[in-house]
1. When the range 45-81 is examined, which residues are found to be among the hydroxyl-bearing types (Ser, Thr, Tyr) and free of Cβ contacts under 8 Å to residues at least 60 places away in the same chain?
2. Which one of these is over 17 Å from the mean Cα position of the chain (by Cα) and open to solvent by 70 Å² or more (accessible area, probe 1.4 Å): GLU72, GLU64?
3. Just checking, does the range 122-139 include any residue being part of a loop (DSSP other than H, G, I, E, B), closer than 27 Å to ARG69 by Cα, of a type outside the set (D, E, K, R) and in contact with a Lys or Arg (Cβ under 6 Å, 6 or more places away or on another chain)?
4. Where in the range 8-112 are there strands (runs of 3 or more DSSP E), lying fully within it, with 2 or more residues that are in contact with a Phe, Trp or Tyr (Cβ under 9 Å, 6 or more places away or on another chain) and β-branched (Val, Ile, Thr)?
5. Can you pull out the residues in the range 95-135 that are among the small types (Gly, Ala, Ser), open to solvent by 10 Å² or more (accessible area, probe 1.4 Å) and under 24 Å from VAL32 (Cα atoms)?
6. Please work out if ASN78 is loosely packed, with under 12 Cβ neighbours inside 10 Å and within 18 Å of ASP115 (Cβ to Cβ).
7. Output the residues belonging to the range 79-123 that are of a type in the set (S, T, N, Q) and within 16 Å of the chain's Cα centre (by Cα).
8. Out of all the residues in the range 19-48, which are among the acidic types (Asp, Glu) and either open to solvent by less than 50 Å² (accessible area, probe 1.4 Å) or more than 21 Å from the chain's Cα centre (by Cα) (or both)?
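The values are calculated or read from the model by the stated rules, or taken from the named source; none is laboratory data. Since the model is a prediction, treat every value here as computed from it, not as a measurement. Every residue, glycine among them, receives a Cβ derived from its backbone with ideal geometry; neighbour counts consider all protein chains shown. The area values use the complete protein model at the heavy-atom level, side chains included, leaving out ligands, DNA and RNA. Shrake-Rupley method; radii C 1.70, N 1.55, O 1.52, S 1.80 Å.
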Amino acid sequence: MKVTVSHQDSMKFEAKTEKSSFVIDCPQITPVEYFLAGIITCSATDIVLLPKNQGKTVTDLVVEGDAIRNDEHPRKFNTLHLEYSFNSDGDDMMAARWVMASLETYCSTINTIRDSVVISYSITHNGNKIRKNEKMISGGGSKIDMGEIESCPS
């Protein structure tokens, strides 16, 4: 994977990937907000694709992330809480497994930060809170194998 970032003017930068490009307009959206959005989107794609591979459908998916950062530099993430809310035609156990598989195995961005950030999650499935403030098994990368999944190329 290769990304090139070029200064445009003022605080605007263009990021070019091997497939596309986009403008980062600081301070409208900061690089850290893009980073957090990338983390959340990585997991959100799993929550759509894992059920699809099992013949299930997810609708109304919203994933909210709340990161707590150091007050002093370096202002890295200390904690990250992810709040998943979605409907599906799967049962609650399946829904929890999809989220756990994303967090523990499939989401590359979360697995990149997991050794240095305390990650927790909550899940609301079909309007019912099925997990609340669960801690992710951090460090070392556990593996929940749900087979090959189609994904956004990374």
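1. Of the range 45-81, the ones among the hydroxyl-bearing types (Ser, Thr, Tyr) are 45, 57, 59, 79.
Across the range 45-81, the qualifying residues are THR57, THR59, THR79.
2. Values: GLU64 fails: over 17 Å from the mean Cα position of the chain (by Cα).
Being over 17 Å from the mean Cα position of the chain (by Cα) and open to solvent by 70 Å² or more (accessible area, probe 1.4 Å) holds for just one of GLU72, GLU64, which is GLU72.
3. Applying the first criterion (part of a loop (DSSP other than H, G, I, E, B)) to the range 122-139 yields 126-127, 136-139.
After this cut, where a residue has to be closer than 27 Å to ARG69 by Cα as well, the list is 136-139.
When the remaining residues are screened for being of a type outside the set (D, E, K, R), the result is 136-139.
Imposing the further condition that a residue be in contact with a Lys or Arg (Cβ under 6 Å, 6 or more places away or on another chain) reduces the set to 138.
Yes, the range 122-139 has at least one match.
4. Details: elements: 12-16, 21-25, 58-69, 77-88.
The strands (runs of 3 or more DSSP E) meeting that bar are 21-25, 58-69.
5. First, pick out the residues of the range 95-135 that are among the small types (Gly, Ala, Ser): 95-96, 101-102, 108, 116, 120, 122, 127.
When the remaining residues are screened for being open to solvent by 10 Å² or more (accessible area, probe 1.4 Å), the result is 108, 116, 120, 127.
Once the filter is applied, which keeps residues that are among the small types (Gly, Ala, Ser), open to solvent by 10 Å² or more (accessible area, probe 1.4 Å) and under 24 Å from VAL32 (Cα atoms), the range 95-135 yields SER108, SER116, SER120.
6. Working: loosely packed, with under 12 Cβ neighbours inside 10 Å: no; within 18 Å of ASP115 (Cβ to Cβ): yes.
Against the criterion (loosely packed, with under 12 Cβ neighbours inside 10 Å and within 18 Å of ASP115 (Cβ to Cβ)), ASN78 does not qualify.
7. Here is the first cut: in the range 79-123, the residues of a type in the set (S, T, N, Q) are 79, 85, 87-88, 102, 105, 108-109, 111-112, 116, 120, 122.
Passing the criteria: THR79, SER85, SER102, THR105, SER108, THR109, ASN111, THR112, SER116, SER120, SER122.
8. Narrowing the range 19-48 to residues among the acidic types (Asp, Glu): 25, 33, 46.
Result: ASP25, ASP46.
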